[in-house]
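> Just dropping this structure here.
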Amino acid sequence: EIERVNSPAEIYLVKILCVDGRRFTYEVRAELTEEAVAYIKSLIDAVVFSDMVIEQTAEGFEAREATTRLKKHS
């Protein structure tokens, strides 16, 4: 599920439900381009199953673990 954050900046919450029932959120602080989606997929493929903040940099994208829970899933 993708939710746009009500903010002047381009911020999206990508909420993910794993097959095993775990839930986590990636906060993307950039436009959701094909490049951003490919980066998100690479994190999932690398088994990064925790809340992450993803920001666009001059070199591409950079992810870091969120210091707080990003979004409670319903």
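None of the figures in this text is laboratory data; all of them are computed from the coordinates on show. Since the model is a prediction, treat every value here as computed from it, not as a measurement. Please note: Cβ atoms are built from the backbone with ideal geometry, for glycine as well, and neighbour counts cover all protein chains shown.
> Condition first: in a loop (DSSP other than H, G, I, E, B) and surrounded by fewer than 12 Cβ atoms within 10 Å (Cβ to Cβ). Now tell me which residues in segment 1-10 satisfy that. Explain how you work it out, then say what you get.
We begin by selecting, within segment 1-10, every residue in a loop (DSSP other than H, G, I, E, B); these are 1, 5-10.
Glu1, Asn6, Ser7, Pro8, Ala9, listed by residue number.
> A further question on this structure: Which of the residues belonging to segment 20-61 are of a type in the set (Ser, Thr, Tyr) and under 15 Å from Ile2 (Cβ atoms)? Steps first, answer last, please.
Keep residues of segment 20-61 that are of a type in the set (Ser, Thr, Tyr), which gives 25-26, 33, 39, 42, 50, 57.
The answer is Thr25, Tyr26, Thr33, Tyr39.
> Would you pick out the residues in segment 11-35 that are within 16 Å of Leu70 (Cα to Cα), out of contact with any helix residue (DSSP H, G or I) (no Cβ under 8 Å at 6 or more places or on another chain) and surrounded by 12 or more Cβ atoms within 10 Å (Cβ to Cβ)?
Ile11, Tyr12, Leu13, Lys15, Arg23, Phe24, Thr25, Glu27, Arg29 - these are the residues of segment 11-35 that are within 16 Å of Leu70 (Cα to Cα), out of contact with any helix residue (DSSP H, G or I) (no Cβ under 8 Å at 6 or more places or on another chain) and surrounded by 12 or more Cβ atoms within 10 Å (Cβ to Cβ).
> Just for segment 41-67: of the residues that are in contact with a strand residue (DSSP E or B) (Cβ under 9 Å, 6 or more places away or on another chain) and in a loop (DSSP other than H, G, I, E, B), which one is farthest from Cys18 (Cα to Cα)?
Thr67
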